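So the structure is just underneath, and the comments pick up after that.
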């Protein structure tokens, strides 16, 4: 599902109230998949950006579908509503990406790009290599960063039209080839690409229609797979996975209008799995709601207790808390789930505490201020009390009337109101009107519970009134009325059994089980009985009104069970019928094949089969029949019908007369002629003629019209005679075609002779396929645009030959600025031109016997220490002592500082030594000299670099030859320079002519095989650490000696120039047995077709060194003039010994793939 379709589906699901949970699950799964894809690509892009690879990051981000476009589409208008709905249902929506990463990616497009930026360099490279796809992508990136670039706009528009047309044409080819997966991928790519003009036209409309059919067929197959997966999920009790599959099933069926094409059995199975998954999902949702409600209750209870501890609460606060606690109690009852005793006790305690606080605050009275008015107040209070008493009657009657006439409240709510009324107006229960209203309310409560509530609500009502009584209705009367509710429940079950044909037995069994056992009564820590958490139906078992109803239900269930047993017996009988008739069909079939006798009784049973089909369908969806058994019997019936039809067709096909038998034989002979070898056709034609002669003879001698040929038989005879004559003509024509193939003088003549041979059936067996394969690959020999030269003389991209023809293959480029900059940076980074070699010594003075005169003993600490630049020296001399007196033999201190290559890294070091009377004490470096490596680089590399033009002087091949031949430098540095120079040339292989020297490539590969690790430019300074590698490289370069890469490349380039003038000519062919048929003097090198990868044929080279297994009937071609002559001419012009650089087989084809 693409992103636009997914968003439309989500918007539709949010609009419609009837959207089910499975649909939300399926859409959330697809949504999470896209967010995961965005997050992974965003992470990769950020890694590339932080590594400085902006172009690669840009290219990855804009691969269809574009990352930023995907993010924009996922932030649709109702995104917040969608997230809220999914969070409420506990659905995973995929990862959240970091804003920092998005800012980094957006920052790429804020950078200004110029003509020298990497983006434009990649564009020019792609345009030169004629890679239109890559050029198109880069132009898209350029326009995104610089929309006003005129040249980029024009080129992008041209490529957009061209590439779109090519891809739409490719769609047609994929449709013809039946490659559906590639077709769908290409359609998606075309739709997700930003074209200048959107796709249109007949080809595109046809592709859209084909895609609709393909997707519809795939969707139908996917629906079958989903049913299988749902079965496995149900076996694993995984309802979450099932919900998303159910939603996917529903979406696919709706999207492709497959509802009417689904089998009834499949729909039943789907509905069964859907109900199971939704039921478990609803239970899980109720559990989550209960957990949330309990959590909110505990938090609120903790807040109430904290506020109580703090004190200062008013009456209004307590009243608000009382309402909240009542609301919690009502919510717990509405959920209909059992709660722990601890929660209910906490709720009860909190309610009692708040109630006591309210009563205490309401019971306070103010003190009397003046004792003198006590009597007056007492009279006033008496008057007020009288009025209050009268108003109490009025309020009690009004409230009782309101409860009695309240039609909007449920029976449970009415019962709670009556309970509250008895607490608020207990003093007025004896009033006649109050009593009448309360009796009416009680009647309404129990009547409503009996008539207007479903079973779940009746359970809640019975639990609410269990073991309860009110001041105006005692416990026995409550129980009597509750029994009336149970009677109505029994009546409802009996009515469902009688009126509902889909009533399930387990529903009735579950109802009867409610009355079988008394519930267990739990007790608290003090041994007191706790209130029951479920309805005690057991107490109604002996009720004189309930018992008869239960007995009626039990009788009805027994009757239903008996009906199910009879249905199962019918089902088993039907199963035996199907198996028995299948055995009869197979026996009749076997007898017919052995004796030819036909059982017409079996063949006349089509209506019987239809009756079996109708009879099996009656059991669809029945509770008494297992769905798996039903599917098995339907499969068995389909298999029976299939075998019966096969038997009927076989009987019909084997009926006929004597003439039909002979004509059948002749037609079989005619069919075999098409597959027979040319040598066998004459014999088969003779046998066919004899059969036709017998038919004619029988027809002539026929004594009655019954034995004479019918018009249909006469037409068959005429067709066979015409076929025989045509075959005789083809045999003659085939002989002529074979003769012309052997005498062909050109490729055109040879291919024409093969076509003539195919038309005349001159080839037999595998030869036909060989010839057809060769003809289908005739374009391999086309050389109108120099294709053969590109394929046979070069290995690598065909663009190499184009560059050769344009003179772009050279030994030194016109522009070597990039190479100059690279080498210059390398020399400066590691100070390779100014490396000095020192010796580190530890000095100690030695007395000479003369006062104040010393010699020095120098102990070598490091025989070789490399310094980056010369060591700086600073000498200080002390001529006076601390009292200012001159020192007769003053000493001096020498401080030497520099940057040294120390333990594999650059470190600054300072060495101090004291000099006095010819003696020295301390560490110092001596014997300075510039290193041989720096001397070499100054002499041979630095002089080849022209700072004025910022280019290299001379070809890099010559520099490489000098590096390899130089004995004075370290083998490690030599290997490093060797690799760097070759890799520099490989970046522009055509400009530096890398592939023109086979020895250069081979030496480079041998070097890589020996080093195995990347050598650094400073490794040669750590001689001891790389002693073994240095020795191996020294031996390697000793074996190489001196190389002449440049003369070899110049020779190869001249040879390629000669090869451009060569033509190709037909010299022979390969016969049907695989033998080469060539003139008396075969050329030293020739080419033919050889089987390559898959069913493709490729041109293969044959010479004195190689003898490929050519495809039979392949033509053979050679060059004109011969390659030996061309090579001899090249050696002569190069003025080198013939064969110095190899023979034709050694040099050709020149391999450009190793660059």
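The values are calculated or read from the model by the stated rules, or taken from the named source; none is laboratory data. None of these values were measured; they are calculated from a predicted model. Cβ atoms come from the backbone with ideal geometry, glycine included; neighbour counts cover every protein chain shown.
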If I go through the stretch 981-1009 residue by residue, how many of them are surrounded by fewer than 18 Cβ atoms within 10 Å (Cβ to Cβ) and modelled with pLDDT of 85 or more? 8
Quick test for you: out of 924, 957, pick the one residue that is surrounded by 16 or more Cβ atoms within 10 Å (Cβ to Cβ) and more than 60 Å from the chain's Cα centre (by Cα). 924
Scanning the stretch 321-334 residue by residue, those surrounded by 15 or more Cβ atoms within 10 Å (Cβ to Cβ) and at pLDDT below 75 turn out to be 332, 333
Conditions first: (1) part of a helix (DSSP H, G or I); (2) over 30 Å from the mean Cα position of the chain (by Cα). Residue 148 passes all but one, so which condition is the exception? (1)
Residue in the stretch 558-575 that is in contact (Cβ under 8 Å) with a residue 24 or more places away in the chain, more than 30 Å from residue 501 (Cα to Cα), touching a helix residue (DSSP H, G or I) at 6+ places or on another chain (Cβ under 6 Å) and part of a helix (DSSP H, G or I) present: no
Specify the residue that is modelled with the lowest pLDDT; the eligible residues are those in the stretch 519-549 that are within 59 Å of the chain's Cα centre (by Cα) and outside any loop (DSSP other than H, G, I, E, B). 523
Take the stretch 594-616 and flag every residue that is farther than 15 Å from residue 639 by Cα, surrounded by fewer than 14 Cβ atoms within 10 Å (Cβ to Cβ) and without any contact (Cβ under 8 Å) to a residue 24 or more places away in the chain. 594, 595, 597, 600, 601, 604, 607, 611, 614
Of the residues that make up the stretch 276-294, is at least one touching a helix residue (DSSP H, G or I) at 6+ places or on another chain (Cβ under 6 Å), surrounded by 15 or more Cβ atoms within 10 Å (Cβ to Cβ) and not in a helix (DSSP H, G or I)? no
From 688, 709, which residue is at pLDDT 70 or above and either crowded, with 18+ Cβ neighbours inside 10 Å or not in a helix (DSSP H, G or I) (or both)? 688
Among the residues of the stretch 1010-1025, is any on the phi < 0 side of the Ramachandran plot, part of a strand (DSSP E or B), in contact with a strand residue (DSSP E or B) (Cβ under 7 Å, 6 or more places away or on another chain) and buried (at least 18 other Cβ atoms within 10 Å of the Cβ)? no
Confirm whether residue 399 is under 18 Å from residue 546 (Cβ atoms) and part of a helix (DSSP H, G or I). no
When every residue in the stretch 153-180 that is surrounded by 13 or more Cβ atoms within 10 Å (Cβ to Cβ) and over 19 Å from residue 131 (Cβ atoms) is compared, the one nearest to the chain's Cα centre (by Cα) is 180
Only residues that are under 42 Å from the mean Cα position of the chain (by Cα) and closer than 14 Å to residue 570 by Cβ: list them for the stretch 621-648, please. 622, 625, 629, 630, 633
Residues within the stretch 17-37 that are part of a helix (DSSP H, G or I) and either without any contact (Cβ under 8 Å) to a residue 40 or more places away in the chain or buried (at least 20 other Cβ atoms within 10 Å of the Cβ) (or both), tallied: 11
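Can you find a residue in the stretch 529-537 that is closer than 27 Å to residue 461 by Cα, assigned by TED's automatic domain parsing to the domain that holds residue 468 and touching a strand residue (DSSP E or B) at 6+ places or on another chain (Cβ under 9 Å)?
There is at least one residue in the stretch 529-537 that is closer than 27 Å to residue 461 by Cα, assigned by TED's automatic domain parsing to the domain that holds residue 468 and touching a strand residue (DSSP E or B) at 6+ places or on another chain (Cβ under 9 Å).
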Restricting attention to the stretch 507-518, and to residues there that are within 51 Å of the chain's Cα centre (by Cα) and touching a residue at least 24 places away in the same chain (Cβ under 8 Å), which single residue is farthest from residue 549 (Cα to Cα)? 509
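Within the stretch 1056-1072, is even one residue in a loop (DSSP other than H, G, I, E, B), within 30 Å of residue 776 (Cβ to Cβ) and out of contact with any strand residue (DSSP E or B) (no Cβ under 6 Å at 6 or more places or on another chain)? Please lay out each step first, then the result.
Taking the stretch 1056-1072 first, the residues in a loop (DSSP other than H, G, I, E, B) are 1060-1062, 1071-1072.
In the following step, the residues that additionally are within 30 Å of residue 776 (Cβ to Cβ) were identified as 1060, 1062, 1071-1072.
Now restrict to residues that are out of contact with any strand residue (DSSP E or B) (no Cβ under 6 Å at 6 or more places or on another chain): 1060, 1072.
Yes, the stretch 1056-1072 contains at least one residue that is in a loop (DSSP other than H, G, I, E, B), within 30 Å of residue 776 (Cβ to Cβ) and out of contact with any strand residue (DSSP E or B) (no Cβ under 6 Å at 6 or more places or on another chain).
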Taking the condition of being surrounded by 16 or more Cβ atoms within 10 Å (Cβ to Cβ), modelled with pLDDT under 80 and not in a helix (DSSP H, G or I), how many residues in the stretch 410-430 meet it? 2
If you go through 213, 201, the only one that is in contact (Cβ under 8 Å) with a residue 12 or more places away in the chain and either touching a helix residue (DSSP H, G or I) at 6+ places or on another chain (Cβ under 8 Å) or not assigned by TED's automatic domain parsing to the domain that holds residue 136 (or both) is 201
Kindly evaluate residue 1099 against the criterion of being in contact with a helix residue (DSSP H, G or I) (Cβ under 6 Å, 6 or more places away or on another chain), assigned to a strand (DSSP E or B) and within 21 Å of residue 783 (Cα to Cα). yes
Note on the stretch 466-475: residues out of contact with any helix residue (DSSP H, G or I) (no Cβ under 6 Å at 6 or more places or on another chain) and either buried (at least 17 other Cβ atoms within 10 Å of the Cβ) or not assigned by TED's automatic domain parsing to the domain that holds residue 417 (or both) are none
Of all residues in the stretch 223-237, how many are surrounded by fewer than 16 Cβ atoms within 10 Å (Cβ to Cβ) and under 29 Å from residue 177 (Cβ atoms)? 2
